[in-house]
Amino acid sequence: ESGTVQVLCEDPGHTLWIGTDSGLYRYHENAIVRVPDIPESQVTGLAEDRDGGLWVSTWGQGVFRITGGTVSGFLHGHLVEAVISSGDGRLWVADSSTEEGMMVFNSARRSFESPGLSFQGCAPTRVCALEEDGSGNLWLGPWNLGLYRMDASTRTVRCAVPPGKGLNHIHSLTHDGAQDLLIGSAARLLGF
């Protein structure tokens, strides 16, 4: 049994990666196969990096990178809710196990570290969703504090939509063709 589908990602080789509440699967050549090197846990995010590696975030098991059939693990035991590979090549994770709620991958050290965020008019919190806009800024979907925007160049986080405006429990963020931010929350889908 493959579980409930949480997230999907198609790689350039047309393999469909399926993150479920019980592990990672891949669909290729009409077969669904479980990826045994990823623990049976909820897969919360999938992202491909510039080098073609697939990053897999999980709830309670940390983050994994799959490249050339090799799996590397990071942040073991962390509660990671989302992963994104930004346009400048950085890899970000929404990590509920940290005070800032975010971690960034240091490729030289091959480890995740605190990004040193500055919060202006908002507080660090649990981040459930990540998205990058056309200017390279990250949008952060908090659990219950509205909507945050992080200036990637200064790593300054500000509240874009304050709490109480119907954006509780943001689960997903994406941009449409017009570059409008689409927000999926527990209550509704909203364009911004």
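The values are calculated or read from the model by the stated rules, or taken from the named source; none is laboratory data. Since we're looking at a predicted model, the values are computed, not measured. Ideal geometry is used to build each Cβ from the backbone, glycine not excepted, and the neighbour counts take in all protein chains shown. Accessible surface is based on the protein model in full, side chains and every heavy atom, while ligands, DNA and RNA are left aside. Shrake-Rupley method; radii C 1.70, N 1.55, O 1.52, S 1.80 Å.
Looking at this structure, is S172 of a type in the set (S, T, Y), under 15 Å from E81 (Cα atoms) and within 14 Å of the chain's Cα centre (by Cα)?
It is true that S172 is of a type in the set (S, T, Y), under 15 Å from E81 (Cα atoms) and within 14 Å of the chain's Cα centre (by Cα).
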ask   = What about P163, is it open to solvent by 50 Å² or more (accessible area, probe 1.4 Å) and either touching a strand residue (DSSP E or B) at 6+ places or on another chain (Cβ under 6 Å) or modelled with pLDDT under 95 (or both)?
value = yes
task = May I ask you to list the residues in the stretch 37-46 that are among the aliphatic types (A, V, I, L, M) and open to solvent by 10 Å² or more (accessible area, probe 1.4 Å)?
result = L46
ask   = Out of all the residues in the stretch 66-83, which are on the phi < 0 side of the Ramachandran plot and open to solvent by 30 Å² or more (accessible area, probe 1.4 Å)?
value = T67, T70, V71, S72, G73, H76, H78, L79
ask   = Can you tell which of G73, G77 is more than 14 Å from the chain's Cα centre (by Cα), assigned to a loop (DSSP other than H, G, I, E, B) and of a type in the set (G, A, S)?
value = G77
ask   = Can you pull out the residues in the stretch 148-160 that are within 26 Å of E48 (Cα to Cα), surrounded by fewer than 17 Cβ atoms within 10 Å (Cβ to Cβ) and not small (G, A, S)?
value = D151, T154, R155, T156
ask   = In the stretch 137-147, what residues are closer than 19 Å to D88 by Cβ and open to solvent by less than 20 Å² (accessible area, probe 1.4 Å)?
value = N137, L138, L140
query = Out of curiosity, is R34 within 22 Å of N137 (Cα to Cα), open to solvent by 40 Å² or more (accessible area, probe 1.4 Å), touching a residue at least 24 places away in the same chain (Cβ under 8 Å) and touching a strand residue (DSSP E or B) at 6+ places or on another chain (Cβ under 8 Å)?
reply = no
note = Going through the stretch 52-63 in order, the residues found to be assigned to a strand (DSSP E or B) and in contact (Cβ under 8 Å) with a residue 40 or more places away in the chain are L54, V63
inquiry  = I'm told T174 meets every condition in (1) open to solvent by 50 Å² or more (accessible area, probe 1.4 Å); (2) part of a strand (DSSP E or B); (3) at pLDDT 90 or above; (4) hydroxyl-bearing (S, T, Y) except one. Can you identify the failing condition by its number?
reply    = (3)
key: Which numbered condition S97 fails, given (1) within 15 Å of T44 (Cβ to Cβ); (2) at pLDDT below 90; (3) in a loop (DSSP other than H, G, I, E, B); (4) not aromatic (F, W, Y)   = (2)
